[in-house]
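What follows is a short report on a single structure.
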Amino acid sequence: MPYYSFDLVIGEEYKNQDGLILENIEVAADRADQLAAELSIVHPELKAKGCAIRVTSAENAEVYRRPLDPIPLWVRRQH
């Protein structure tokens with residue numbers, strides 16, 4: 001089973017949030033979605049900063065990215 005790393009992306013900075021051995025990229029993406037939801041509740045200020053959870057493979061290639069705020073600020077301003 002592959003190893004995936006999870007990072008909190010704040011601007012140009014990547015803060016390691018740990019890594020897991022998971023079945024596949026779909027499971028890793030689900031875990032990233034959960035982590036993004038948890039962080040947006042615990043640290044709501046991160047949503048306004050455009051932060052995201054980045055998933056990388058064992059080869060350090062980005063395979064998934066999930067914004068903490070799934071609705072971009074520019075979209076919310078239009079309504």
(request) Determine one quarter of the surface area of the Cα convex hull of the chain, which equals its mean projected area, and express it in nm² to one decimal. (result) 5.4 nm²
(message) Ignoring ligands, DNA and RNA, please state the percent of accessible area on the chain from carbon and sulfur, probe 1.4 Å.
(response) 53 percent
(message) At 222 nm, what value in deg cm²/dmol follows for the chain if DSSP H runs of at least 4 each add -39500 (n - 2.57) and the sum is divided by all its residues, to the nearest 500?
(response) -10000 deg cm²/dmol
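Report, in debye and to the nearest 20, how large the dipole of the chain comes out about its Cα centre when Lys and Arg carry +1 and Asp and Glu carry -1 on their Cβ.
Using only the charged Cβ atoms, the result is roughly 420 debye.
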(request) Hey, can you grab everything whose amide H is under 5 Å from the amide H of TYR64? Only 5+ residues off in sequence or another chain; H modelled, so Pro and N-termini drop out. (result) VAL55
(message) In Å², and per residue, what accessible area does the chain have when probed at 1.4 Å with the other protein chains present?
(response) 67 Å²
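The values are calculated or read from the model by the stated rules, or taken from the named source; none is laboratory data. In this text the structure is predicted, and so the values were computed from the model without any measurement. Neighbour counts are summed over all protein chains in view; Cβ atoms, including those assigned to glycine, are modelled from backbone coordinates with ideal geometry. These accessible areas exclude ligands, DNA and RNA; they are computed on the full protein's heavy atoms, side chains included. Shrake-Rupley method; radii C 1.70, N 1.55, O 1.52, S 1.80 Å.
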